[in-house]
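Colleague: This structure is in structure tokens; I'll ask about it shortly.
The values are calculated or read from the model by the stated rules, or taken from the named source; none is laboratory data. Predicted model, so just to flag it, every value in this text is computed and none were measured. Cβ sites come from the backbone with ideal geometry, for glycine too, and all protein chains shown count toward neighbours. Keep in mind that these areas ignore ligands, DNA and RNA; they rest on the heavy atoms of the full protein, side chains included. Shrake-Rupley method; radii C 1.70, N 1.55, O 1.52, S 1.80 Å.
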Amino acid sequence: MVIRSADRPRLPRMYWGELIYATPGCGKTFVANKYRDVVDGDDLIVEAIREVSPGFSIGHYNDPREVIFRYFRYINFGNGLKWRVYNRALDKMKDACDDDDVVLFGTLDLIDEADRIFLEKESYIVRNGFNVNRERDEANSLNIRTHEIYDYLDNSLQRVCKLSY
């Protein structure tokens, strides 16, 4: 959910309308909660789950990843439903970008849809159990602006912006 409060800052203009992949654990949710024009892609995946599988009980949750993982277990990680959810979420992500919002996501299956990629290089920041080798290989196979970062995402977004001017 985007926080539209005028007292919240916006991300620098260079990111407006971009779909940005960033390594899980680097602080995407923090950034989405801090800036008024940033959408957490996991929230859009939960919305897509509601639409694709209205019979699935989402219930109360603190973290959208809880719902996403529970749903994927519920469908036995079936590719058909998983990709219906991903495609519906991608439509929502692109709609948000059309409004000049920034969408942050960490779903490796969707990395090829990104306008920009931030790869976390500090192992203590990366979410436990995440396959950084697959992430690196996927990113290297794509022709997408990629930034290697050694800090949490919020600081890295600002640093990349400063270096580009």
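Colleague: Contact list please: Cβ distance under 8 Å, first residue in segment 148-165 and at pLDDT below 90, second residue open to solvent by 40 Å² or more (accessible area, probe 1.4 Å), pairs at least six apart or on different chains.
Modeller: Matching pairs, first to second residue: C161/M14; S164/M14.
Colleague: Looking at segment 92-103, can you tell me whether even one residue there is assigned to a strand (DSSP E or B), under 25 Å from N133 (Cα atoms) and of a type outside the set (D, E, K, R)?
Modeller: For segment 92-103, residues assigned to a strand (DSSP E or B), under 25 Å from N133 (Cα atoms) and of a type outside the set (D, E, K, R): present.
Colleague: Additional query: Filter segment 134-147 for residues that are of a type outside the set (G, A, S) and either open to solvent by 80 Å² or more (accessible area, probe 1.4 Å) or outside any helix (DSSP H, G or I) (or both) and give the result.
Modeller: R134, R136, D137, N140, L142, N143, I144, R145, T146, H147
Colleague: I've got another one for you. Take segment 97-147 and flag every residue that is under 16 Å from the mean Cα position of the chain (by Cα) and on the phi > 0 side of the Ramachandran plot.
Modeller: Correct list: D100 only.
Colleague: Test F72 against the criterion of being under 14 Å from the mean Cα position of the chain (by Cα) and not small (G, A, S), and give yes or no.
Modeller: Against the criterion (under 14 Å from the mean Cα position of the chain (by Cα) and not small (G, A, S)), F72 does not qualify.
Colleague: Against the conditions (1) closer than 23 Å to R36 by Cβ; (2) over 17 Å from the mean Cα position of the chain (by Cα); (3) open to solvent by 60 Å² or more (accessible area, probe 1.4 Å), where does Y150 fall short? Just the number, please.
Modeller: With (1) closer than 23 Å to R36 by Cβ; (2) over 17 Å from the mean Cα position of the chain (by Cα); (3) open to solvent by 60 Å² or more (accessible area, probe 1.4 Å) applied to Y150, the lone miss is (1).
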